[in-house]
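Quick notes on the structure that follows.
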Amino acid sequence: MAMTTKLFARDIGLEPGFTFRIQKCPLTHDYYVHSHDFSELVVILSGNAVHIIEGREYPVSAGQVFLIHSNVSHGYKNVDGIEYVNVMFQPEQLLQQSELRLMPGFQALFYIEPFYRKEMYFKGMLTLDDVQLREATRLLDCILGEHEQQQEGYRLMIRTYFTALVGMLSRYYQNSSGREDNKALRIGETVTYIEEHFLQPITLQSMADMAYMSTRQFLRVFTRNYQTTPMDYVIRKRLDYSCTLLRSLDLTISQVAMDSGFHDQNYYSRQFRKVFNCTPSEYRERIRDSGQATPVNP
């Protein structure tokens with residue numbers, strides 16, 4: 001089998017602090033199979049082709065939107081009048097808004113579906129109708145203009161338009177037909193539930209049930225997509241939340257533990273130390289010393 005060519009962001013001139021490029025181009029010939037160390041959002045504007053992804057082939061046509069994460073090999077063949085927009089970016093630089101993470105469609109489209117494609121036989125891909133494609137193209141053109149002209153504040157504008165595009169695509173994905181059998185969306189809804197209810201009692205079983213999966217299956221898919229287990233994800237959310245509570249000096253450590261969803265202060269302290277390399281009390285001391293604490297109410 002032929003070796004896949006790997007493209008590196010730095011080699012194609014993408015800057016490390018703001019890894020971003022957008023291209024609108026016709027594809028006039030087959031495109032060799034390659035992978036990259038950045039993510040790529042592709043929107044097909046017109047025409048048809050066969051997309052080769054991780055060795056599997058499937059037809060693509062106008063309105064299809066797909067995300068290719070880093071280290072995933074893909075290419076095109078049987079190209080027929082294709083025009084597409086290709087956005088290259090780093091998720092950790094551009095997809096960090098917490099509001100995005102509260103959208104099931106975002107979790108599904110940007111995290112779960114790309115890794116779940118083979119199991120779902122590409123049924124989970126997003127296809128826009130004519131109106132949606134026009135809306136997406138309008139935002140892509142705004143991003144394209146900012147990227148080409150590079151006026152003052154262009155990075156801010158790109159981030160803003162791109163966030164709007166991602167939010168819109170996430171919404172379209174959530175409302176697309178075939179929800180019932182879209183496993184990616186069901187897992188996305190489960191992750192959103194965790195984001196909103198992490199302070200409440202939550203178990204691996206309850207998460208798996210919500211996603212209509214066995215615990216083993218849910219654990220495997222979740223861990224592959226988020227690089228951590230579901231319970232560790234919940235614990236991390238609780239620990240981060242507890243850090244904000246530790247700023248209030250009038251709360252005792254055991255109150256902070258309880259209010260962060262931990263029912264055992266010793267367990268809370270152990271988990272805290274594991275993640276932050278210090279105890280909650282030491283963390284509070286550092287905050288107090290740096291003057292960032294909220295003073296005790298008189």
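The values are calculated or read from the model by the stated rules, or taken from the named source; none is laboratory data. A quick note: this is a predicted structure, and the numbers were derived from the prediction, not measured. Calculation scope for accessible area: heavy atoms of the full protein, side chains included, ligands and nucleic acids excluded. Shrake-Rupley method; radii C 1.70, N 1.55, O 1.52, S 1.80 Å.
Note on the chain: with a GNM built from Cα contacts shorter than 10 Å, the maximum mean-square fluctuation among Leu126, Leu251, Leu219 falls on Leu251.
Considering only Thr228, Thr28, Thr137, the Gaussian network model of the chain with Cα springs below 10 Å gives its largest mean-square fluctuation to Thr28. Computed from Cα positions, the angle between helix 215-226 and the longest principal axis of the chain comes to roughly 80 degrees.
Mean projected area of the convex hull spanned by the Cα atoms of the chain, taken over all viewing directions: 19.1 nm². Counting only aspartates and glutamates at least 8 places from Lys274 when in the same chain, those with an alpha carbon closer than 16 Å to its own are Asp232, Asp240, Asp264, Glu282. In this structure, the amide hydrogen of His36, modeled 1.01 Å from its nitrogen in the peptide plane, lies closer than 5 angstrom to those of Leu7, Asn71, Val72, counting only residues at least 5 positions away or on a different chain. Here's the list of aspartates and glutamates a cross-link from Lys183 could span, going by alpha-carbon distance under 12 Å and ignoring same-chain residues fewer than 8 apart: Glu113, Glu119.
Computed with every protein chain present, the accessible area of Lys77 is close to 60 Å² [probe 1.4 Å].
For the chain, with all protein chains present and a 1.4 Å probe, just round the carbon and sulfur fraction of the accessible area to a whole percent. That fraction is 50 percent.
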